[in-house]
Amino acid sequence: MNSLWLTAALLLSPLLATAQDAVNTDSTDSAPNAAATPMGTTAPKPAADTSAPTPAADAQTSAFQLDITAPDDIKTLLERHLELQRYRSLADLRDDELSRLMEMSKLDIQNLVATLGYFSPVIDITRADAGAGLGQRTVHISVVAGEPVRVNQVLVHFSGPIATDPQAAAQRTLIEASWLLPAGNRFTQASWGSAKQQALSQLTSQRYPTGTISESLADVDPLTHTAKLDITLNSGPAYKIGALVTTGLNRFDAELVRRLARLPDGSDYNLKELMAAQQRLSNSGYFNSAFVRVDTTSDPQAAQILVSVREARLQKITLGLGASSDSGARFSAEYLHQQVHGLGWRALSKISLDRDTKSISAELIAPPDEAGWRRNTSLLLLDERSGTSDVGSQRWRAGAMKEGERIDRNYYLEYDRADTTTADAASAQIAESLSINFALTRRQFDTLPFPTSGWAAGMEIGGGTTLGSEHLPFSRVLTRWQSFLPLGSQPDSGAPDLRAGRLALRAEVGAVAVKDGTSLPSTLLFLTGGATSVRGYALRSIGITQADGTVVAGRYMTTGSLEWQRPITVQGRLTDWEGALFIDAGAVADKPADLHAQVGVGGGVRWKTPVGPLQIDLAYGVAVQKWRLHLNVGFVF
C-alpha cells in the first residue's frame with residue numbers, strides 16, 4: 001500500500017465523511033456562500049445511522065453477536081458506523097455469507113480507523129460458534145491502532161486578487177497563523193475538515209464573500225506516519241459596500257434604515273459589520289426582525305446590500321408587575337408611539353409605582369442623524385423616600401445621545417427642582433438648578449447580559465448654577481467602574497474557564513463642588529445602600545446622619561464591592577446557577593475627610609434567567625447589625 005493509494009482512499013471513500021460528519025477532502029471543494037446571510041453557512045451534518053442494532057441486541061433477534069476489542073474512540077466509531085452491523089438483523093444469514101462479510105469488513109474498518117489518524121492498524125476478525133442456532137454465533141473484532149499519523153507540513157496557497165493585493169496581507173497572515181491543524185498535531189478527518197472550514201470562513205468574512213477552496217489534499221505516508229496538507233483558497237473578486245435595498249417597509253422610510261445600519265458606501269465588505277448592522281436594526285425598536293446580506297450577483301465594486309425587515313407595531317402598551325427587597329411590590333405601565341404624527345419622533349410615557357417611589361415620565365426621541373446622534377427631550381416627576389426625607393422632584397432634560405455597541409455618549413441641558421420635606425419641618429425646602437452635562441460609558445465585556453470577563457467604566461460630568469434668590473455655581477462628577485476577573489483559563493484557547501469562577505469588582509465615586517451652605521436639589525446629591533450598592537442596608541439609607549437621627553444626602557459618595565462568584569455544577573456539569581460571597585462598603589459625607597465606610601458582608605446565588613441574571617443575596621450590615629435579604633434582576637451598566 002503506497003502513500004498515493006491511502007490519499008485516494010481518504011479523499012474518495014464516502015464512508016469517511018459519514019463516519020466523522022466532516023467535509024469531504026476532494027481535490028476541489030465547493031464553498032458555501034458565506035455572504036448568503038450574516039450568520040454564515042455551515043455544511044450540513046449527516047444524521048447518525050440508527051438502523052443498525054446495538055451490540056447489546058438480544059441474541060434471539062440477531063443473526064450473530066458482535067464483540068469489539070479496541071481503544072475507546074475506535075470502538076465507539078465501529079459500533080456506530082461499521083457496515084457489518086446492518087446484517088445482524090438478517091435472521092437467515094448463512095455461514096458462508098457471514099464469512100464473506102467478515103472479510104469485507106477489514107477494508108471497512110481500515111477506512112473508518114483512518115479517519116481517526118491511524119493508517120497502520122492491526123485488525124483481527126474471528127468467529128466463534130457456541131451452538132446450532134444462528135444467534136449463537138459471535139464475531140470477534142480486535143483492532144490495535146498503531147502509531148497515529150501526525151502532520152509534518154502545511155501548505156496554504158492563495159489564488160485570485162487576495163494573492164497579490166497589499167491590503168489583504170493581514171487577512172492572509174491571519175488565515176495562515178490561525179490554521180487549526182498545524183505541523184505536529186495528530187491528523188484526523190474531523191480536524192482536517194474543521195481546519196478547512198475555518199480557513200474558508202476567514203476568507204469569506206472579509207472582502208471576499210464568494211471565496212472558495214479550489215484545491216485541498218491530505219497526502220498521508222503510512223510508513224513514516226506523517227501527513228502533508230495542501231490547500232488553495234481562491235478569493236474571487238473583492239467586494240465593496242454599495243446601496244442598501246430594503247424590503248418590508250410600510251410606515252418607516254429607507255433613510256431610517258440607512259442611518260441605523262451605518263454601512264458607508266465604498267467601504268470594504270466585512271461580515272462582522274453586516275452582523276452589527278443587523279443587530280442595530282433589530283435593537284432599534286422600530287423593527288421586530290431584520291436580516292442583512294450582500295448580493296453577490298451585483299457589481300463587486302458597489303455591491304447591493306439586501307435588507308429585509310419586519311416593522312414593529314406603531315403603538316404599544318406594556319404593563320408590568322414586579323417586586324424587590326428594596327422597594328416592595330412594583331407596578332408599571334408604558335405607552336410607546338413609534339412615530340408621532342407631524343413630528344416623526346418616538347414618544348414614550350411611563351408610570352411606575354412602588355412602596356417608596358412614584359414616578360411619571362415622558363420622553364421624545366428623534367430618529368438618528370447622519371452621525372448616529374439622536375436629539376431627545378424628557379420630563380420626570382418623582383415622589384420618593386430618600387433617606388428619612390420625602391422628596392418631590394422635577395427634572396427636565398434636552399440634548400442628544402449616541403448609543404453604540406461599546407460606547408454610549410450623551411450631552412444635555414438639565415433643569416432640576418426638589419421639594420424636600422423632613423418629619424420636623426413645617427414646610428418643604430425648595431431648591432432649583434440649571435446645568436449642562438455630558439455622560440460617557442464604555443463597555444468591554446465578553447458577553448451580555450451574563451459577563452464572565454471584561455470591564456466597563458462610566459463618567460458623568462456637569463456644571464451649572466442654582467436658581468432662586470441666589471445664583472451660585474456648582475460642578476458635579478460621578479464615576480462608575482466594574483470588572484470581572486476570571487480565576488482560570490482554558491489551556492488550549494486561553495478563554496476563561498467558567499468552572500474556576502471569577503472575581504467581580506465594582507466601585508463608584510461621586511462629588512459635588514459648591515460653596516458651603518448652598519441649597520442644591522437633593523436629587524443632585526448622593527445617598528447609597530441597597531441591592532446594587534451596599535448590601536445589608538436599606539435602599540438609599542446611607543447618608544449623613546443629623547443630630548436628630550435623620551439621614552440626608554451628601555456632596556461626596558464612595559462605594560466599593562468585591563465578590564467571588566463560582567458556578568454550581570451537578571455531576572460535573574455546569575448549571576445556570578452560581579454561588580457568591582461578597583463584601584461591600586460605602587460612605588457619604590459633605591467633606592472627603594468625613595467619609596467613613598459602612599460595611600456589608602454576605603453570600604447568595606445567581607440564576608441565569610431569560611430576562612437576565614437573578615441575584616438573591618443575604619447580607620449582614622455591620623453598622624446596623626441586621627441581616628437583610630436582597631433580590632435583583634438584570635444587568636445594567
Task: Residue that is among the charged types (D, E, K, R) and surrounded by fewer than 16 Cβ atoms within 10 Å (Cβ to Cβ), where the choices are R397, R385, R406, R417 - done: R406
TODO: Check region 151-160 and report whether any residue there is more than 30 Å from T232 (Cα to Cα), at pLDDT 90 or above and either aromatic (F, W, Y) or open to solvent by 40 Å² or more (accessible area, probe 1.4 Å) (or both).
DONE: no
Open item on the list: Looking for something in a loop (DSSP other than H, G, I, E, B) and not small (G, A, S) - is there at least one such residue anywhere in region 190-200?
Closed with: no
Open item on the list: Name the residue that is most open to solvent (accessible area, probe 1.4 Å), counting only residues in region 513-551 that are over 24 Å from I461 (Cβ atoms) and outside any loop (DSSP other than H, G, I, E, B).
Closed with: T545
- [ ] Hey, could you check region 84-94 for residues that are open to solvent by 60 Å² or more (accessible area, probe 1.4 Å), in contact with a helix residue (DSSP H, G or I) (Cβ under 9 Å, 6 or more places away or on another chain) and assigned to a helix (DSSP H, G or I) and say which is nearest to T188 (Cα to Cα)?
- [x] Y87
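Would you mind listing the strands (runs of 3 or more DSSP E) fully within region 210-268 where at least 2 residues are under 27 Å from Q167 (Cα atoms) and not hydrophobic (A, V, I, L, M, F, W, C)?
Of the strands (runs of 3 or more DSSP E) lying wholly inside region 210-268, those with at least 2 residues that are under 27 Å from Q167 (Cα atoms) and not hydrophobic (A, V, I, L, M, F, W, C) span 212-221, 226-234.
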Task: Whichever residue in region 473-510 is assigned to a strand (DSSP E or B) and touching a helix residue (DSSP H, G or I) at 6+ places or on another chain (Cβ under 9 Å) and, among such residues, is least open to solvent (accessible area, probe 1.4 Å) - done: F474
Open item on the list: I'm checking my understanding of the structure. Among residues of region 552-591 that are more than 30 Å from S453 (Cβ to Cβ) and free of Cβ contacts under 8 Å to residues at least 40 places away in the same chain, which one is most open to solvent (accessible area, probe 1.4 Å)?
Closed with: K591
Task: Breaking point among (1) open to solvent by 80 Å² or more (accessible area, probe 1.4 Å); (2) within 30 Å of T164 (Cβ to Cβ); (3) modelled with pLDDT under 95, for A276 - done: (1)
Task: Flag if Q171 is outside any strand (DSSP E or B), open to solvent by less than 80 Å² (accessible area, probe 1.4 Å) and modelled with pLDDT of 90 or more - done: yes
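Listed here are the residues, each with its yes/no results for (1) assigned to a strand (DSSP E or B); (2) in contact (Cβ under 8 Å) with a residue 12 or more places away in the chain; (3) within 28 Å of H225 (Cα to Cα).
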site: L107; (1), (2), (3): no, no, yes
site: N111; (1), (2), (3): no, yes, yes
site: L116; (1), (2), (3): no, yes, yes
site: P148; (1), (2), (3): no, yes, yes
site: F158; (1), (2), (3): yes, yes, yes
site: L180; (1), (2), (3): no, yes, yes
site: G184; (1), (2), (3): no, yes, yes
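The values are calculated or read from the model by the stated rules, or taken from the named source; none is laboratory data. From a predicted model like this one, the values you see are computed outputs, not experimental measurements. Please note: Cβ atoms are built from the backbone with ideal geometry, for glycine as well, and neighbour counts cover all protein chains shown. SASA here: full protein model, heavy atoms, side chains in, ligands and nucleic acids out. Shrake-Rupley method; radii C 1.70, N 1.55, O 1.52, S 1.80 Å.
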